[in-house]
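S.K.: Before I ask anything, here is the structure I am working with.
None of the figures in this text is laboratory data; all of them are computed from the coordinates on show. Since we're looking at a predicted model, the values are computed, not measured. With ideal geometry, Cβ positions are generated from the backbone for all residues, glycine too; neighbour counts draw on all protein chains shown.
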Amino acid sequence: MDTGTLPPDGGMIENRTFDEIAIGESASLSHRLTEEDIELFAVISGDVNPAHLDPAYAETGLFHKIIGHGMWSGALISAVLGTRLPGPGTIYLSQDLHFRAPVGLGDTITARVAAREKKPENKRILFDCTCVNQDGKEVVSGTAEVQAPVEKVRRPRMELPEVRLNRHRRFRELMAQAQGEAPVPLAVAHPCDAASIAAVAEVAAARLVVPILVGPEEKIRAAAAAAGVDIGAFRLVPAPHSHAAAAKAVALVRLGEAEMLMKGSLHTDELMHEVVASETGLRTARRISHVFVMDVPAYPRPLVVTDAAVNIAPTLEEKRDIVQNAIDFAHAMGLGQPRVAILSAVETINPVLRSTLDAAALCKMADRGQITGGLVDGPLAFDNAVSPEAARQKGIVSPVAGQADILVVPDLEAGNMLAKQLSFLAGADAAGVVLGARVPIVLTSRADSERTRIASCAVAVLMARARRRTTSAA
């Protein structure tokens, strides 16, 4: 008799006492092994064996043959004993398990226990334990001994807490995507603090960039010493102060000596003043704009937010460029045809809200070929853009609603607040880059983590390489 395959009535959990359990009585439960299970296991156990966590092991087969032994399989068996048979009040005393075959990512494992022997003198029960995969292959077998409950217990089943891992997986994937080709020459304007130098050294060590440090030599070397990094192999272009460093860094790009530009420890306005200079800057026919690539733990794909850093109150024409820049960026990132949500406070066109009118016009521009390469829809409220359920409840039928890749905000204030809310309340990481200039520009903040700085450089490297390919094709 299997007493544990059906869910408890009314969400209740009830045990089987020592006297109630018959020899041969059994219970089971099934669980599918996911990547998040593996990472949670590593967190609680401290087991960071690369065969468990490193995707590189996929080539050897080890990445997909992990963990179903030891603690994880034992935990499944413990869950059956503690919640099904005998259930609440059970004390797990010992186990003797043998691991017959590996368990792979995506396998569904069914753990089953069956009462083998009862010991009336101390109310203990010996259970036969097995775990089989979805193909019926036995992966674990053995025995477990428990102290069975003697009193009846029936109580509401507790809901498990929701656990989200802030894994930074997408940023690791971004770094991997950016590696593998020749490093890109990078001009760094005024890198005179430890954080800037450390980030540059990190991306250089990863062979993403060849740095050119532009600024006061004495301050740069002092910053390198403070960061504990060796800049002996880096080219250093002297400049007396931050204004001159910005101008020289931009000049290096115009001369073709650098394919990326990065802000060091100077104000953004100083660098951008040189970038947008009509005669000596890096402007193109396209409006300059900024994108954040957000790695949001609760969202199933990278999320691009634009513009949250450059354009304060963009006009309709400027928004067209902002959208096109973001679409081109998505293509360079390998995101395919991106879904673009034009955000507003509501999902209907309201003449009082300019953002809804702009959204409607941008969608028509996309229909007429003035915006290309993406699926554009709007106006959409934020919830309708990222939540399929919210879109369904509002009756919105759209290839974009609920699954947006790009969020186009009405203005800089909205974008800045959205990006910071995602970072500080949703645990998101953000990598930022400026688009629309001759080369990608990395605008880092003193408050940015080293991981954010490195990821931003990786994004810019991918953009620079895409630009290089486009130029070569032309």
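S.K.: Apply the Debye scattering formula to the range 184-299, with a single equal point scatterer on each alpha-carbon and no solvent, then give log10 I(q)/I(0) at q = 0.11, 0.22 Å⁻¹.
M.R.: Here log10 of I(q) over I(0) equals -0.36, -1.21.
S.K.: Starting from the 7 Å offset along Cα-to-Cβ, what nm value, one decimal, do you get for the label separation of residue 222 and residue 172?
M.R.: 3.9
S.K.: While we're looking at this one, here's another question. Among 394/420; 319/420; 119/152; 364/394; 364/420, which pairs are too far apart, with a Cα-Cα distance over 29 Å? Intermediate results must be reported in sequence, preceding the final value.
M.R.: Working: 394/420 27 Å; 319/420 21 Å; 119/152 19 Å; 364/394 22 Å; 364/420 31 Å.
From the list (394/420; 319/420; 119/152; 364/394; 364/420), the Cα-Cα distance tops 29 Å for 364/420.
S.K.: Within a 10 angstrom radius of the beta carbon, how do 100, 287 rank from fewest other beta carbons to most?
M.R.: Details: 100 15, 287 21.
With the fewest neighbours first, 100, 287 line up as 100, 287.
S.K.: If you take the beta carbon distance between residue 158 and residue 280 as r and set R0 to 60 Å, what does 1/(1 + (r/R0)^6) give as a FRET efficiency, to the nearest 0.05? Please list the in-between numbers first.
M.R.: Values: r = 66 Å, r/R0 = 1.10.
My answer for the efficiency is 0.35.
S.K.: Go ahead and run the numbers for FRET between residue 469 and residue 99, Cβ-Cβ distance against an R0 of 56 Å, rounding to 0.05. Show your work: numbers first, answer last.
M.R.: Details: r = 49 Å, r/R0 = 0.87.
That pair, residue 469 with residue 99, gives E of 0.70.
S.K.: Can you give me the distance in nm between label points at residue 354 and residue 19, each placed 7 Å from the Cα along the Cα-to-Cβ direction?
M.R.: 8.0
S.K.: What list do you get for 186, 335 if you sort them by fewest beta carbons within 10 Å?
M.R.: Working: 186 30, 335 18.
So the ranking, lowest neighbour count to highest, is 335, 186.
S.K.: Can you tell me the FRET efficiency between residue 121 and residue 75 if r is taken as the Cβ-Cβ distance and R0 is 35 Å, rounded to the nearest 0.05? Write out the running numbers ahead of the final one.
M.R.: Values: r = 29 Å, r/R0 = 0.84.
Efficiency computed from Cβ-Cβ geometry: 0.75.
S.K.: Counting DSSP beta bridges in the chain, what percent are antiparallel, to the nearest 5? Mind showing how you got there, number by number?
M.R.: Working: 48 of 75 bridges.
Around 65 percent antiparallel, to the nearest 5.
S.K.: Based only on other Cβ atoms within 10 Å, what is the fewest-to-most ordering of 98, 241? Before the final figure, lay out the partial values.
M.R.: Values: 98 11, 241 14.
Sorted ascending by nearby Cβ count, the order is 98, 241.
S.K.: Return the Cα extents of the chain along principal axes one, two and three, sorted largest first, each rounded to a whole Å.
M.R.: Principal axes ranked by extent give 93, 60, 38 Å for the Cα atoms.
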